[in-house]
Every structure is written in C-alpha cells, then in structure tokens.
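A short write-up of the structure that comes next.
The values are calculated or read from the model by the stated rules, or taken from the named source; none is laboratory data. Nothing here was measured: the structure is a model prediction, and the numbers come from that model. Neighbour counts run over all protein chains shown; Cβ positions are idealised from the backbone, glycine included. Surface areas here come from the heavy atoms of the whole protein model, side chains and all, with no ligands, DNA or RNA. Shrake-Rupley method; radii C 1.70, N 1.55, O 1.52, S 1.80 Å.
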Amino acid sequence: MYFIISFILFFLSYFEFYLNKKYLFRILLTFVTGVLFFILLGFNSFSPDLDAYKIHYEDIDQEYIKLNIEPFIFYFMTLCKNIGLSFKGYQLVFSFLTFSLFIYSIFKYSPFPIFVFLNFFFIPFFPDITQVRFFLGFAFFMFSLQFFKSKKWLFYFLLLIAILCHLSLMIIVIFLIIRKFKFFKSQFKSNIIIISGTCLLLLVPKNILEPLLILLNPKYSTYFNPDAEGLGTFMGTLALFIPFFILNNIILWHYHNKYTEETVPTKYAKNVPLFIELVQFFNYIILFQYFIRDFSRITQNGLIIASIYFSIIICSLIHEKKILSAKLLAIIFLTSTIIIYYIQFLMVNKFQYFEVINKTYTSNYLFDSLAGLFNFENL
C-alpha cells in the first residue's frame, strides 16, 4: 500500500506539471490529494503514539490528562467527547481541521501543491501522522504565514493557537526576535554562528537550562536524565541534521545569487522573503536540539517550506520556457527528499523501521472496510 500511495502521488504530480495553468484542474488535483491524506490520518488505526492518544481521549476528565497535553488539544478533545464523538469520530474531526488548514496553505503558497505533497509524503508525513498534536500546531502556523504582513494581530493569534497545540512551537517566538538582527540576514555569518555555537555547546552542561525548560513543560525533564541522553545522542542528532543544513544552505545561496521575481507570479513571490527567513532560522534549530530533541520536528517540517520554494523556482523556469531545467530541478529535489528520508528513517536501522512506517500508513479503518467488500470468501 505504501508504494501504491507513492505511485498515485507521482502520477498526480506528473499531470500537475503539464496542466498547472488550468486553475480548476489544480483545485481538483489538490482536493483529491487532500482527501487521500485526510483518509490516511483520519482513519488511521495504528501509529506508535495512537494508543496514548486513545487513553488521553478516554480519560480526558482525569486531572493527570490536563497536565500532560497542551491546552488547545485538551479543550478540543473535551469538546468532541462532550458532543458524543467516539475516539474514531474525534480522529476524523481532527484530521479534517488539520488538513483543511494545511491543504489551503500549500495551495495558496505553491504553484505546484501536488509536488509539495509528494515530497511531504516521504518526509515529514510519518512523524506528523505519529505526533499529530505537533502537526496540527504546524498547520496553524503554516496557515498564519499569509497574515504575517497584512494582519499582524491575526498572525499572532494563530501562532498562539499553534503554540497551545504543541509547546515546541514556542521557538517561533525566537525567530520573530532574531530576524530583526543584521547577522541573521547574512548566510555566511549565520553559518559561522551555527557551526561555532554547536561546537561550544558540547562544553556546556545540558542541565544548565533544566529549571526553565521544565517550567515550560514538565515532560522535558526526561531529556536531562544522564542515562537517557549523552554526547553520543547529540552527535547522532547532529548527523541527522546535516542533510537539512546542506539543503537549506543551497536554497539560501540560490535566493541570494540567482533568484529573481520577474518571472514569478506576484501571489507567490510576495511570500518568498519570509520563507527564506524561515529556512535560515531552521538551520539555527540544531542549537536548541542540544537541549530538546523535540525541535527536530520543526527541522523536518521545514522541508515543507523548502518544497514550496523549489516549486516556485520550477514555476519561474517554466515561465522562462526552460522546461527541461524545470523537470531536472523537480527530479533533483525529489531525489534529495528521498535521500533525506532514507537517512532519517532507514539507513541507521537497516530498513527495519520501514515496517513501522508501512504499518502506520496501511493500518486504516477505511482501507480495511473496502478490502472487506472485495473479499469474495465472505459472499
């Protein structure tokens, strides 16, 4: 099933490439793709964290649940349970809300939304379908970006909701602060800070920020267990971060040296400067991952912004009649995504983790029901 879904997305992306100028066709393709992802999340019957979410939902009235999940998720669960929804019903409502925000955002920001979804399927969809609280928060954050310049109050309101979905998104507040400094605008200076800062962190005790971080989220106390975390763990985290760091730097170099708005439609070009600032900030995430590995989710989801940027460049090449270059760029970026997917999830454990990924994608109430309809032994 995993490979079937991959093929469907490849197929839809291929047609999008040739028929992207037909607006209604783009809407139809995006809708079909969105329904597919909605089904994968909304009818999911297995993921590494699903049993924990079931317990949270069933025991939502218990005080310990309120202390263990973020406020928006708590009240959203409470609302769904109070109106009589089962956990399966809650999953459907949760998936509808998440992908309504996410699909609209991708369609608005990218001239090739299916291309973005194709890359998203490889990474970071697996961690997002597993850690759905973060995924909803990131969907709110993505949706908020369209209001960053025009309606600041709405941007901050949606960002607050995102943080209340998953506290790790508080790191976006740091982005809003450091983006105002001159050094942040320089790719070279930022890389010097990131590389030297990473080296210096190895000399800093991890528990130096323990009181502050535990105050923000008591669950972070597990990261300061000397038996659970160590230099080896951080070096592993650093190794997994490097592919994102390289890709982000390629994007930054291209933007500063090759990018031009002349052949990019205004509705997409207006968001590019903000996306570039986010790409720059995602490189800084490694400095925070030393203390809290949860921030790796933001690094992984940063690949969505990268996909959007590349889709805009592909659109620009098509407008310049450089079709072959556009095709090659699409293939190169997709290949890089698959390589990162391989490094993140398959290389270290020699493909053993693929069984978990495949089971997560294919364990689905709807798929099981459809399979039952075509089981002739039951007739």
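The table that follows gives values for the structure above.
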{"item": "Flag if Ile55 is β-branched (Val, Ile, Thr), at negative phi and open to solvent by 80 Å² or more (accessible area, probe 1.4 Å)", "result": "yes"}
{"item": "Residue list for the stretch 7-50, restricted to those being open to solvent by less than 10 Å² (accessible area, probe 1.4 Å), under 22 Å from Pro111 (Cβ atoms) and of a type in the set (Gly, Ala, Ser)", "result": "Gly34"}
{"item": "Pairs with Cβ under 6 Å, 6+ apart, first in the stretch 84-109 and closer than 18 Å to Ile39 by Cβ and free of Cβ contacts under 8 Å to residues at least 40 places away in the same chain, second of a type in the set (A, V, I, L, M, F, W, C) and open to solvent by less than 60 Å² (accessible area, probe 1.4 Å)", "result": "Tyr90/Cys80; Val93/Cys80"}
{"item": "Subset of the stretch 285-311 that is open to solvent by 10 Å² or more (accessible area, probe 1.4 Å) and among the aromatic types (Phe, Trp, Tyr) - its residue that is modelled with the lowest pLDDT", "result": "Phe291"}
{"item": "Meets criteria (open to solvent by 60 Å² or more (accessible area, probe 1.4 Å) and either modelled with pLDDT of 90 or more or within 30 Å of Tyr341 (Cβ to Cβ) (or both)) for Lys219", "result": "yes"}
{"item": "Positions within the stretch 138-165 being touching an Asp or Glu at 6+ places or on another chain (Cβ under 7 Å) and either of a type in the set (Val, Ile, Thr) or open to solvent by less than 10 Å² (accessible area, probe 1.4 Å) (or both), in sequence order", "result": "Cys165"}
{"item": "Residue check, Phe135 surrounded by fewer than 20 Cβ atoms within 10 Å (Cβ to Cβ), in contact (Cβ under 8 Å) with a residue 12 or more places away in the chain, among the aromatic types (Phe, Trp, Tyr) and in contact with a helix residue (DSSP H, G or I) (Cβ under 9 Å, 6 or more places away or on another chain)", "result": "no"}
{"item": "Residues of the stretch 35-66 classified as under 15 Å from Ile357 (Cβ atoms) and among the charged types (D, E, K, R), total", "result": "1"}
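Matching residues to (1) aliphatic (A, V, I, L, M); (2) surrounded by 20 or more Cβ atoms within 10 Å (Cβ to Cβ); (3) closer than 26 Å to Ile305 by Cα; (4) more than 12 Å from the chain's Cα centre (by Cα):
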residue	(1), (2), (3), (4)
Leu79	yes, no, no, yes
Lys88	no, no, no, yes
Ser95	no, yes, yes, yes
Tyr104	no, no, yes, yes
Tyr109	no, yes, yes, yes
Phe117	no, yes, yes, no
Phe120	no, yes, yes, no
Phe125	no, yes, yes, no
